[in-house]
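Below: the structure, in structure tokens.
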Amino acid sequence: MTTRAAVVLLNLGGPDSLAAVRPFLFNLFSDPDIFRLPLARLTQRPFAALASSLRAPEARRGYAALGGASPLLANTRRQAEALARALARDGDFEVHVCMRYWHPRATEVVRELKARGITRVLLLPLYPQYSRTTTGSSYNEFQRECARQDFRPRVELVHDWYQQPDYIDGIVATIREHAARLPDPEPAHIELLCSAHGLPQKLVDAGDPYEKQVRATFTAVRERLGWPRATLCYQSRVGPLKWLEPYTEQVIRDRARAGAKQMLVYPVAFVSDHIETLYELGQLYATLARDHGVAYYRVVPALNDHPLLVRALHRLVTEGVSRI
């Protein structure tokens with residue numbers, strides 16, 4: 001293959017300082033693909049200002065516990081560098097990182113692609129499971145920015161990749177690796193929780209495929225492992241709405257009350273470690289588990305730049321570029 005293309009890895013983004021937490025949250029709450037408000041032109045910004053003000057103190061505590069910033073950009077850049085190395089033998093590829101709610105955002109990335117004369121772009125979301133709130137939002141923002149800057153490349157989106165074989169292999173391998181580090185590595189004595197980011201139930205009811213795709217990933221992993229004790233659950237619920245259930249914190253309580261002493265948690269819908277894996281799962285829920293009598297609680301890292309994830313991304317790129 002001798003074609004030249006730009007690969008853009010799409011991810012959420014995260015604040016690079018404690019001072020950036022509130023503006024990061026403002027950008028998130030301003031997203032019309034997540035928060036669809038009546039009279040949005042009038043109400044979206046006031047809503048975002050209020051919501052980000054209310055959420056900022058709690059979010060700052062989480063980022064402070066991680067050293068004062070999100071590690072997501074650094075982790076995503078490592079993934080981009082590993083992917084670029086893997087693609088070096090396949091042609092003249094550029095690999096870029098584009099974050100939805102913090103830098104580098106679509107404005108900056110589109111400006112750079114236009115300046116470099118790129119005519120073909122493959123958008124590769126680091127969200128294996130599609131949701132309008134993640135992949136959909138990032139795609140829409142990229143296309144809006146292309147229109148705003150009068151940049152007209154051919155664009156192809158990798159819509160989802162929740163059952164990509166190398167991705168599933170990577171999850172299974174890392175779960176087995178970390179299970180072996182428990183005092184009793186026998187699967188029958190391990191409570192495995194596969195925790196995914198939650199989503200309001202009303203979005204799923206309206207046709208968002210995220211829950212079905214997460215469940216398909218979980219089912220593939222569970223079948224490959226063959227373990228007797230595995231549960232899919234959902235974290236990061238915000239606000240009064242009903243979200244996808246069961247909630248991770250409730251599953252921890254329930255399994256602890258049932259006598260679980262070893263708990264292994266895998267962040268099944270995340271491929272990059274950030275606040276929700278390192279702080280929510282790794283610190284808050286670890287305390288919850290210990291308080292309820294779980295003697296050994298371990299969070300398996302996200303795949304990050306694991307060779308099997310890099311292989312999955314490489315194959316998605318080579319398949320996707322052939323379509324543009």
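The values are calculated or read from the model by the stated rules, or taken from the named source; none is laboratory data. All values reported here derive from a predicted model rather than from experimental measurement. Reconstructed Cβ throughout: ideal geometry from the backbone, glycine too, with neighbour counts over all protein chains shown. Please note that ligands, DNA and RNA were not included when accessible areas were found on the heavy atoms of the full protein model with its side chains. Shrake-Rupley method; radii C 1.70, N 1.55, O 1.52, S 1.80 Å.
Working only within segment 222-279, note down all residues that are within 21 Å of PRO200 (Cβ to Cβ), acidic (Asp, Glu) and in contact (Cβ under 8 Å) with a residue 60 or more places away in the chain. Within segment 222-279, just GLU276 meets the criteria. The set of residues in segment 182-221 being in contact (Cβ under 8 Å) with a residue 60 or more places away in the chain, surrounded by 15 or more Cβ atoms within 10 Å (Cβ to Cβ) and in a loop (DSSP other than H, G, I, E, B) consists of LEU182, ILE190, LEU199, ASP208, PRO209.
Under 7 Å between Cβ atoms, which residue pairs at least 6 apart in sequence (or on different chains) link something in segment 54-76 that is on the phi > 0 side of the Ramachandran plot with a partner that is modelled with pLDDT of 95 or more and open to solvent by 20 Å² or more (accessible area, probe 1.4 Å)? Short answer, once both residue conditions are applied: GLY68/SER17; GLY68/LEU18.
The numbered conditions (1) modelled with pLDDT of 95 or more; (2) within 28 Å of ASN11 (Cα to Cα) are all true for ARG237 except (1). Scanning segment 174-200 for residues that are within 21 Å of ARG253 (Cβ to Cβ) and not small (Gly, Ala, Ser) yields LEU182, HIS189, ILE190, GLU191, LEU192, LEU193, CYS194, HIS197. Scanning for something in contact with a Pro (Cβ under 9 Å, 6 or more places away or on another chain), closer than 22 Å to ALA5 by Cα, assigned to a helix (DSSP H, G or I) and not aromatic (Phe, Trp, Tyr), does segment 143-155 turn up at least one residue? Yes - at least one qualifying residue is present in segment 143-155. Among the residues of segment 173-181, none qualifies, meaning not one is surrounded by fewer than 17 Cβ atoms within 10 Å (Cβ to Cβ), without any contact (Cβ under 8 Å) to a residue 60 or more places away in the chain and under 19 Å from the mean Cα position of the chain (by Cα).
Pick out, from segment 1-120, the helices (runs of 4 or more DSSP H) lying fully within it that include 2 or more residues that are open to solvent by less than 70 Å² (accessible area, probe 1.4 Å), modelled with pLDDT of 95 or more and under 21 Å from ARG311 (Cβ atoms).
Working: elements: 21-29, 40-65, 72-87, 106-115.
Fully inside segment 1-120 and qualifying: 72-87.
Applying the set (1) assigned to a helix (DSSP H, G or I); (2) open to solvent by 20 Å² or more (accessible area, probe 1.4 Å); (3) closer than 30 Å to VAL97 by Cβ to LEU281 leaves exactly one unmet item: (2). Residues in segment 294-324 that are open to solvent by 30 Å² or more (accessible area, probe 1.4 Å), among the small types (Gly, Ala, Ser) and either assigned to a helix (DSSP H, G or I) or in contact with a Lys or Arg (Cβ under 8 Å, 6 or more places away or on another chain) (or both): ALA295 only. Would you call ALA269 part of a helix (DSSP H, G or I), within 21 Å of ILE190 (Cα to Cα) and touching a strand residue (DSSP E or B) at 6+ places or on another chain (Cβ under 8 Å)? In short, no. Screening VAL158 with (1) within 19 Å of the chain's Cα centre (by Cα); (2) among the aliphatic types (A, V, I, L, M); (3) over 30 Å from THR107 (Cβ atoms) gives one miss only, at (3).
Could you list, in sequence order, the residues of segment 159-171 that are hydrophobic (A, V, I, L, M, F, W, C) and either surrounded by fewer than 19 Cβ atoms within 10 Å (Cβ to Cβ) or in a loop (DSSP other than H, G, I, E, B) (or both)?
If we filter segment 159-171 for residues that are hydrophobic (A, V, I, L, M, F, W, C), which is where we start, we get 161, 168, 171.
Selection gives TRP161 alone.
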